[in-house]
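The values are calculated or read from the model by the stated rules, or taken from the named source; none is laboratory data. These figures come from a predicted structure and were not determined experimentally. Every residue, glycine among them, receives a Cβ derived from its backbone with ideal geometry; neighbour counts consider all protein chains shown. Note: areas computed on protein heavy atoms with side chains; ligands, DNA, RNA excluded. Shrake-Rupley method; radii C 1.70, N 1.55, O 1.52, S 1.80 Å.
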4 protein chains.
Amino acid sequence: MPSRSPKSSTLGRPANPEARAMRREQILRGARACFRRKGFHAASTAEISAEAGVSVANLYQYFPTKDHLIKALIEEDLTSDLDLVGMVEAAGSFRRGLEMTTQLVLADPAMTDDGLLRLEVLAEASRNPEIAAVVREADDHLVAALGALIVRYQNSGEIHPEINAADAARLIVSLYDGLIGRLAFGAAAETELVAAADSFIVRALAAVRAVPDPDM
Amino acid sequence: MPSRSPKSSTLGRPANPEARAMRREQILRGARACFRRKGFHAASTAEISAEAGVSVANLYQYFPTKDHLIKALIEEDLTSDLDLVGMVEAAGSFRRGLEMTTQLVLADPAMTDDGLLRLEVLAEASRNPEIAAVVREADDHLVAALGALIVRYQNSGEIHPEINAADAARLIVSLYDGLIGRLAFGAAAETELVAAADSFIVRALAAVRAVPDPDM
Amino acid sequence: MPSRSPKSSTLGRPANPEARAMRREQILRGARACFRRKGFHAASTAEISAEAGVSVANLYQYFPTKDHLIKALIEEDLTSDLDLVGMVEAAGSFRRGLEMTTQLVLADPAMTDDGLLRLEVLAEASRNPEIAAVVREADDHLVAALGALIVRYQNSGEIHPEINAADAARLIVSLYDGLIGRLAFGAAAETELVAAADSFIVRALAAVRAVPDPDM
Amino acid sequence: MPSRSPKSSTLGRPANPEARAMRREQILRGARACFRRKGFHAASTAEISAEAGVSVANLYQYFPTKDHLIKALIEEDLTSDLDLVGMVEAAGSFRRGLEMTTQLVLADPAMTDDGLLRLEVLAEASRNPEIAAVVREADDHLVAALGALIVRYQNSGEIHPEINAADAARLIVSLYDGLIGRLAFGAAAETELVAAADSFIVRALAAVRAVPDPDM
DNA sequence: TATGAATGAGCATTCATTCAT
DNA sequence: GATGAATGAATGCTCATTCAT
């Protein structure tokens, strides 16, 4: 006799957490698509449910409120941002790591759409303190990780030792965010500018005077 | 049947254009306040009218659609951005101009609210091609003006001659946008980071190796 | 030049309070019909609007909430209850006044429907303190008026002098309410019982031993 | 193909009827609590199930419809009303029996809540003929029993012989219902009025002129 | 039997917009 | 020009009920 949930011995249909998690993801996927297309406030729960292939009522069994759905989506997105730092870390040099990251954040078409969502997230954070807290926390992690990385490259001599690592990290993230903003209105953020961004950062931080890239 | 009013010979348009323009501004002012507080889609025409002190129906005599109102507001905001370039121009050195601009864009509390609206604008531009065109055009002007300025300082030797001025202009604007994004979630964009941003830009563009600021 | 509202000299369409009051009544009439048929909670705003012949949105320009509509309706109904006391007063004797009132409250088919609404009102009062307050206030007025009347008939010798007039008033009202309750399930509250009720009250209050009615 | 379970020869109904009855009661108990708090229509099946400690789906295995649940609850409540008659019967005198009953119906806090449900029942009866029939039947029983009792006390000389016993019974029940209505909006139905009610009834029915109570 | 999961229909309320004055 | 009044079409969310396990 296998031991089961300690609460009820007269079990009905057993709960299936995996199926639940999958549904949740399914709904979040649909929500993401709608939010990208319309923004948080213009996307209706009806649209989201349809896109996700579930009923409206079902959606509400997974998220008690549209705001909860938005918050959950944002949390999911933000935690994935930390992976970026891993890329810089894995690369041999700071410059090479930057190039890989920039490529990923700005050039990958899949990421591009997520980037556009970032504007919505920031806009929402400016009104909803709960969202602001979530974004702030994710930002703290990201800045800390990137700052630590910068310190490492300061020690290796690639980055100027007198630069404040935390501020530099914040500025790099800001530059990324700003570039994402350019995607929003279809400005040329493509290959050319992306490369220029890398050089811009490297030159701002470099320990020794770097010759500017020809393409910048 | 009375003959035409002897006052206006200009046939059929008795309206006072100045009063009309004032009302228009009045409505736009109310709209701006509401849009800041709630975003474009969450702010209702009723709210906007109330804030502006006019009736809803009156609003519709100046803007045929809420979308038109949004577009008009965005156009107004964007054209004012060009003034910033004038500041850099007026200052004696590039660095000093940057400092003044940064101060204005990021530290002035009145501007800060406008900054937050910028996120909405970019988000909206990512969905509405008409808005995107408006933003793109304003961006082109801004980048051109800032680029010309950079060229000037390249000629004067303050900025490295091999840097692509247009790209540099785009990156500077991006950095500003990104920093505005930080305001949205209450991150420390205050004095400290603002100063660091100036140094960051200067170091990235400088003709000669600058010693990093102590505060960066 | 006639003086107008002191606020705005540049008048738009002038407000028409009479038309507004009529619409309000129209909506309340529709609401009463629906509430009788279905009860407060089962009647939908859509139904009410349709019955009243207005749009749902229009209803909400007169009552900010369904609860406000319910409360307004209850208030209107309750204030009309005081008219009943006038009937007893106008009649020559207490017994005659009672007969007229009973007839009106219980036998008039138009009133009968309103009576059924009374059950809803009391039920709602048991949950909604705001409604309870409204009902309590109306009850206080009714009991006071009826009590004063009883005192008058005590002085004229028709009602026993040692009876507490306020309690007697409350009991009479209670008996009416209870009889209204019988209408709800179609019990015989018709002529027969109505006459018996009058005798019941008269015998309970009479100064001298009355011979019971043959029909009681 | 396995042969029938040897346990039950009674073909196909393996269920434990006692356990079933207990569950049924458990659900009815939860329903009663919810209905008191919110009324029949505002209480949701989800709330009821939660209050009863069962799943929603389980509720539906005992009652095919929310309306069936309501009806079952009403039937259960109404049959218990007949017990009241027993109290009057057990008491030595009519007056004493009344006092005990009144006390129970109006002063017992547990009964008070049930009383409030009575308003809901009557209101529902006014719309749902099926409910009306149930209430009517219970009322017939109650009136018959109380009428028989009155006849008994007419024979013993305590109640005036010319009074119509059935009508008197109906009026007594009506007065109780009306007093219950007063509980709904928190009117003073407390001890004072309860005592007055007893005197009121006694005086209305008494064979000989009774001196009014000092407290009435 | 009993439960978790799912859903169509509906609910109170709001919105952008129009019309009449 | 400006306003009060009106409305069709949503919107976020809930409900009674069913199905699968």
Probe 1.4 Å, protein heavy atoms only - accessible area per residue of segment D:68-205 in square angstrom:
36 Å²
Quick shape summary for the protein assembly as shown, equivalent ellipsoid via Cα gyration tensor, semi-axes whole Å in descending order, reads 79, 38, 21
Once each part is reduced to its C-alpha centroid, what is the distance from segment A:74-141 to segment C:44-119 in angstrom?
63 Å
For chain C, return all DSSP H helices satisfying: extent of Cα atoms along own axis at least 27 Å; mean Kyte-Doolittle hydropathy at least -1.0.
C:66-90, C:129-155, C:165-184
Return the subset of B:Lys66/C:Lys66; B:Lys66/C:Lys71; A:Lys66/D:Lys71; B:Lys38/C:Lys66; C:Lys71/D:Lys71 for which the Cα-Cα distance in this structure is over 32 Å, preserving the input order.
B:Lys66/C:Lys71; A:Lys66/D:Lys71
Sulfur and carbon atoms: percent of accessible area, the protein assembly as shown [1.4 Å]
56 percent
Might you work out the accessible area of B:Ile163 for me, using a 1.4 Å probe with all protein chains in place, and round it to the nearest 10 Å²?
10 Å²
Roughly how many Å² of C:Lys38 are accessible to a 1.4 Å probe, to the nearest 10?
80 Å²
Length-normalised contact order of chain D, Cα under 8 Å, at least 6 apart, in percent, tallies to 16 percent
Which of D:Ala52, D:Ala90, D:Ala165 ends up with the largest GNM mean-square fluctuation for chain D, with Cα atoms connected below 10 Å?
D:Ala90
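Express the relative contact order of segment D:15-63 as a whole percentage, based on alpha carbon pairs under 8 Å and six or more residues apart in sequence.
37 percent
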Mind checking how much accessible area B and A bury in total, 1.4 Å probe, in Å² rounded to 100?
4600 Å²
At B:Gly186, with labels set 7 Å past Cα in the Cβ direction, how many nm apart are the copies from this one, shortest first?
3.8, 3.9, 6.4
Compute, for segment D:10-139, the length of the dipole vector about the Cα centre, with Cβ point charges of +1 (Lys, Arg) and -1 (Asp, Glu) only. Units Debye, rounded to 20.
360 debye
Local electrostatic count, B:Val173, Cβ distance below 13 Å [Lys/Arg +1, Asp/Glu -1]
-2
At 20 °C in a medium of viscosity 1.002 mPa s, segment B:15-64 has a Stokes-Einstein diffusion coefficient, with Rh taken as the Kirkwood radius over alpha carbon pairs, in µm² per second, of 198 µm²/s
Estimated FRET transfer efficiency when R0 is 30 angstrom, pair D:Arg29-A:Gln61 (beta carbons, to 0.05):
0.65
Can you compute the charge dipole magnitude of segment B:65-121 about its Cα centre, using +1 on each Lys and Arg Cβ and -1 on each Asp and Glu Cβ, nothing else charged? Give it in debye, rounded to the nearest 20.
180 debye
About the Cα centre of segment C:16-64, what is the dipole size in debye to 20, counting +1 per Lys and Arg Cβ and -1 per Asp and Glu Cβ, all else neutral?
140 debye
Using a label point 7 angstrom from Cα along Cα-to-C-beta, what distances in nm, from shortest up, separate D:Ala90 from the other copies?
5.1, 8.3, 9.7
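How big is the shadow of the Cα convex hull of chain C, averaged over all directions, in nm²?
Values: hull surface 66.1 nm².
Quarter of the Cα hull surface area: 16.5 nm².
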Copies compared at D:Glu162 - label distances in nm, ascending, label defined 7 Å from Cα in the Cβ direction
2.4, 12.0, 12.7
Need one number: the % of Cα-Cα pairs in segment B:111-170 sitting beyond the 20 Å mark.
44 percent
Nearest-0.05 FRET efficiency for A:Ser80 and C:Ala15, computed from C-beta distance (R0 51 Å)
0.35
Where the convex hull is taken over the Cα atoms of segment B:58-138, what is its projected area averaged over directions, in nm²?
6.3 nm²
Per-pair calculated FRET efficiency, R0 = 22 Å: D:Met111 and D:Glu192 via Cβ, rounded to 0.05:
0.75
